[in-house]
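Notes follow the structure.
The values are calculated or read from the model by the stated rules, or taken from the named source; none is laboratory data. Values in this document were obtained by computation on a predicted structure and should not be read as measured data. Cβ placement follows ideal geometry from the backbone for every residue including glycine, while neighbour counts extend to all protein chains displayed. Each accessible area value is taken on the protein alone, full model and side chains, heavy atoms only, with ligands, DNA and RNA left out. Shrake-Rupley method; radii C 1.70, N 1.55, O 1.52, S 1.80 Å.
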Amino acid sequence: MGAETTSIGGALVPSVKSEPAESSAGEPSPPQSEMEQESDKDILCPICMQIIKDAFLTACGHSFCYMCIVTHLKNKSDCPCCSHFLTTNHIYPNFLLNKLLMKTSAHQIAKTATPLEQLRQALERGCEASVKDLESLMSLLSEKKSKMEQEEAETNLQILLDFMLCLRKKKLDELNEIQLDLQYIKEDIHAVEKRRIELYRRRDRYSSKLRMLGDDPSSKSAWPSVMDKHSGATASRPVLTPDQCRLNSGDLQNKKGEARSSASHLLQRKDNYGGSDTQNLTQSGLVLARKRRVHAQFNDLQDCYLQKRRYWAKQMPEQQGRDSHSLNREGYSAGLEDFQSVLSTFTRYSRVRVVAELGHGDLFHSANIVSSIEFDRDDELFATAGVSRRIKIFEFSSVVNDPTDAQCPVAEMSTRAKLSCLSWNKYAKNHIASSDYEGTVTVWDVTTRQSVMEYEEHEKRAWSVDFSRTDPSMLVSGSDDCKVKVWCTKQEASVLNIDMKANICSVKYNPGSSFHVAVGSADHHIHYYDLRKVSQPLYIFSGHRKAVSYVKFLSNHELASASTDSTLRLWDVTENVPLRTFRGHTNEKNFVGLTVNSEYIACGSETNEVFVYHKAISKPAAWHKFNSDTEEGEEDAGSYFISAVCWKSDSPTMVTANSQGTIKVLVLAP
């Protein structure tokens, strides 16, 4: 083998050149492939450049495919090779060439055919063979067939065995997991029963003590002295005769009976006029209702229990190494205690009750959509804003306690553009920030009703704004201009800018950090940034199928998101994992609001309903439908949707609003 180089524009490209084999005479013979290529060229049609089919010869001596030459002569009257005058009357079948082509085709087929095809062709051509040769051939074929069948059977058995082994391993893993779960359940049942026995014994001890106190005469005689002691009486009591004692004892019993009757009457009045939701429900009835909620969501609760139990079981070896007390004071494991908290909070409420309602609509503004509701630092005031270009501040206690529908705000600020979002400063009670449809971010002083700072760097509509909880001077905003901007109330320009590829729908500071921000984007993702390094996000949470309209933090590590794919999702921003998906509401095109507290997530729906989810259960725990009091047709009434929701801190109370401008104070109820 020899190597040569070819120069191409100054660069050397190595190539390998093969040396031809020499003939016995010492002279090199042309390669067989070149001879075949030359012969193949002779049987190609000059028109289609393919092997001639149904060869026809012209008067000038050239051969073509019949269809090729006929098609050519329909357009021209000359030979494609020599331009000699030619018509269809001057072409004739080329029998010799057709015969040669058939032989060539048969030779090529035989050359490329498999041995079995060659044997079949030989037998079809009537190849002579003796009976002995045929028997030998049949015996050979039979042995070959048996061998192939055996190999195929062995392969099938190997595949079947592999499948059965994998299936056994999978089932054993499942069995081990089930046995481990059963062990957890057994331990937890024992702990719960032990705790119940302790509570029953404690209750019996209390009951016995009460009976002893009721039956002990000395304790009865001691009561008046105790009362006198506490009342500060200094006069000594007169000594009573036995008759006087009997008389006074009878009077005492009568007075006790009157007191019980009066107390019963007062309790009855309280039940009749107290407005309690559980006035007609006994304790056993409440327990039965809570049990029904458990069975209605049994599968989700089962998954929640097993998930928490397995998680804490993995954490226990590490904790036991650091702390010998792995059980709480009630004898519960960490997983059982965690699940009990979920179960008690989830079964506590089953419906949503309206506490107060007020109309938000303005006489001079037909557009009444409330885009945002926010409580102040102390939950005493709440603010509303929307397309009416007004921020209204209401006193929560007045709204709840005053039954009138028309509530006057305690403060009101007008803006130039429609408002999209509000964020109350959690340190400065009188400061609230707003974002509007012109891209302006404004910080307001509620006391003076004047703007403190105005930031106009966004080029398009700003959808979201949020104050930092750890640094009250910092706030962040997101806009349709695909930019996230960080502002400081002490400066007139943005202090940080993040350029993204899609519209920004929502921004939110992590409540435990002034450096971490979650961004909900129209690209279907949540981008979690560390503001100290914004070249790329810390995490990107993927799962939503449409734009992410809201992001809200339940805690320092739990993030909830809403999307127009009609789902809510819960994420762990510390571990960078999805936790749960919530379905039940409808949200395909509008901003319907999202609010969270430590246990519950609430959102609106395009069916004009408010849905409440427990963070550990994927199905709604309760919901409430706004009744439309419009005089328009049902078709228009059905177009209303919930547009804003906001929890009152960690209480079961929230303020909600819809696109009609109606504001309701709702509370979770048993």
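Things to note:
- Of all residues in the stretch 124-160, those satisfying the criterion of being surrounded by 10 or more Cβ atoms within 10 Å (Cβ to Cβ) and either touching a residue at least 24 places away in the same chain (Cβ under 8 Å) or over 60 Å from the mean Cα position of the chain (by Cα) (or both) are ALA129, ASP133, LEU134, GLU135, SER136, LEU137, MET138, SER139, LEU140, LEU141, SER142, GLU143.
- Search result, residues across the stretch 433-447 that are over 15 Å from VAL387 (Cα atoms) and part of a strand (DSSP E or B): ALA433, VAL441, THR442, VAL443, TRP444, ASP445
- Scanning the stretch 78-104 for residues that are within 15 Å of CYS60 (Cα to Cα) and either open to solvent by 60 Å² or more (accessible area, probe 1.4 Å) or in a strand (DSSP E or B) (or both) yields ASP78, CYS81, CYS82, SER83, HIS84, PHE85, THR88, ASN89, HIS90, ILE91, TYR92, PRO93.
- Just one residue in the set VAL519, VAL507, VAL476 is within 14 Å of VAL443 (Cβ to Cβ) and of a type outside the set (Ser, Thr, Tyr); that residue is VAL476.
- Selected residue (criterion: farthest from LYS619 (Cα to Cα)) from residues of the stretch 583-603 that are among the hydrophobic types (A, V, I, L, M, F, W, C) and open to solvent by less than 10 Å² (accessible area, probe 1.4 Å): VAL592
- Test: residue in the stretch 417-439 that is more than 37 Å from the chain's Cα centre (by Cα) and open to solvent by 20 Å² or more (accessible area, probe 1.4 Å): no
- Residue tally, condition surrounded by fewer than 21 Cβ atoms within 10 Å (Cβ to Cβ) and in contact with a strand residue (DSSP E or B) (Cβ under 7 Å, 6 or more places away or on another chain), over the stretch 451-471: 8
- Restricting the stretch 472-510 to residues that are acidic (Asp, Glu) and open to solvent by 50 Å² or more (accessible area, probe 1.4 Å), the residue that is modelled with the highest pLDDT is ASP499.
- Residue in the stretch 326-338 that is outside any helix (DSSP H, G or I), modelled with pLDDT under 85 and among the acidic types (Asp, Glu) present: yes
- Residue under evaluation GLY214, criteria (1) under 33 Å from the mean Cα position of the chain (by Cα); (2) open to solvent by less than 100 Å² (accessible area, probe 1.4 Å), criterion not met: (1)
- Residue check: ALA502 meets all listed conditions (1) in a loop (DSSP other than H, G, I, E, B); (2) over 26 Å from PHE591 (Cα atoms) but one, namely (2).
- Restricting attention to the stretch 119-136 and to residues that are part of a loop (DSSP other than H, G, I, E, B) and of a type in the set (Gly, Ala, Ser), the residue that is modelled with the highest pLDDT turns out to be SER130.
- Within the stretch 627-649, the set of residues being modelled with pLDDT of 85 or more and exposed (fewer than 13 other Cβ atoms within 10 Å of the Cβ) comprises just one member, SER649.
- Considering the conditions (1) within 30 Å of LYS308 (Cβ to Cβ); (2) modelled with pLDDT under 95; (3) touching a strand residue (DSSP E or B) at 6+ places or on another chain (Cβ under 8 Å), SER598 is excluded by exactly one of them, (3).
- Residues within the stretch 391-408 that are out of contact with any Gly (no Cβ under 8 Å at 6 or more places or on another chain) and surrounded by fewer than 18 Cβ atoms within 10 Å (Cβ to Cβ), tallied: 9
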